[in-house]
1. Which loop trypsin sites (Lys or Arg not before Pro) in region 131-204, with loop taken from DSSP, have no more than 11 other Cβ atoms within 10 angstrom of their Cβ?
2. What FRET efficiency comes out for the pair SER141/GLN59, r = Cβ-Cβ distance, R0 = 30 Å, nearest 0.05?
3. Does the chain classify as rounded, prolate or oblate by the C-alpha gyration tensor (a ≥ b ≥ c root eigenvalues; a/c under 1.5 gives rounded; else a/b over b/c gives prolate, otherwise oblate)?
4. Rounded if a/c is under 1.5, else prolate if a/b beats b/c, else oblate: with a ≥ b ≥ c from the C-alpha gyration tensor eigenvalues square-rooted, which is region 10-76?
5. What whole-number distance in Å separates the alpha-carbon centres of region 146-222 and region 1-63?
6. Once fully extended, how much extra length lies between ARG171 and TYR11, figured as 0.36 nm per residue of separation less the alpha-carbon to alpha-carbon distance?
7. Ignoring everything except DSSP H segments at least 4 long, calculate the 222 nm mean residue ellipticity for the chain; use -39,500 (n - 2.57) per segment, divide by total residues, nearest 500.
Amino acid sequence: MILDNIRQIRYRIEKSAQKAGRAPESVSLVVVTKYAPLDKVRDVCESGLVDFVGENRVQDADKKKQELGDAAGRVKWRLIGHLQSNKAKKAAQVFDAVDSIDSLKTAAALDAAGKKLPVLVQVKLTERETQSGVSPDELESVLHGLEAFKNLEPNGLMAIAPQTEDPESTRPHFRRMRELFDRHFSKKPGAQLSMGMSGDFEVAVEEGSTMVRVGRIVFSGS
C-alpha cells in the first residue's frame, strides 16, 4: 500500500507541475516519517522511490537510523523540525541537510559542529507563537548573517502554510514564498523552495515549490 501511495503522490506532483508549465522532475519528494512505525520507514527507504526522508526531532532520527542499519543509507535524511542550539552538534552528525534554520544563534551552533551542510531558512507565515521561523521582513538580514558561517550552505527557503480545510486558501502564502525565493535565490543553481504538505502540496507545486513534504498520505493514504 505504501509504495502505491508514493506512486500516486508522484503522479499528482507530475500533474500539478505540468499544469503550471513546469518539469515534474523539478520537484523532489520528502517523506515525513516522524509518526511511522519502523517497518514502514524501512519500506520507504528500500523502495527506490524516495530520495529524502524528513524527521522533526534529532533523537528520533538518530534512533531510527541506528535501528534501520544499511537501509537508512539508501536515502538522505533532512531535519524539518525546530532545532535547539544544544542539539546542533548531534543534528550535524545525523542529518544530511537542515531545512529549518530559524535564527542565527541556531546557525552558529550548527556551523560550530564542523560539518559541511546545506541548509534552508524557515520563513514564518503565520502569527502562531508555536510556529518557528523568521519573518519575511527579517529574512534578508538572516541570509546576510549566514554568509559568515563557512560550514553552512544556504540553499533556499522552507515554509509551513497556515492549517486550513481549503487547500486553495494557501495559494497566497505560497505565492509570497515564491516571490521571496526568487528575490534571494533566483541566481543559485539547485536552490530549493520547500513548501507543501499532505493537504496542500498540489497548490504548492503550482506556485513553485521544488520540494514537498508529505507523511500522512504516504502511510494512511488519505
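1. Numbers: sites: LYS150, ARG175, ARG176, ARG178, ARG183, LYS187; in loops: LYS150, LYS187.
Within region 131-204, the qualifying trypsin sites (Lys or Arg not before Pro) (loop, at most 11 other Cβ atoms within 10 Å) are LYS150, LYS187.
2. Values: r = 31 Å, r/R0 = 1.04.
Computed FRET efficiency for SER141 and GLN59: 0.45.
3. Details: a/c = 1.63, a/b = 1.06, b/c = 1.53.
The shape class here is oblate.
4. Values: a/c = 2.86, a/b = 2.34, b/c = 1.22.
It comes out prolate by the Cα gyration axes.
5. 15 Å
6. On the way: separation 160, 0.36 × 160 = 57.60 nm, distance 2.05 nm.
Length gained between ARG171 and TYR11: 55.5 nm.
7. Working: 9 runs with 87 residues, N = 222.
Using -39500 (n - 2.57) per qualifying helix, the result is -11500 deg cm²/dmol.
Values in this text are rule-based calculations from the coordinates and carry no lab data. Everything numeric in this text was worked out from a predicted model, so none of it was measured. Neighbour counts are summed over all protein chains in view; Cβ atoms, including those assigned to glycine, are modelled from backbone coordinates with ideal geometry.
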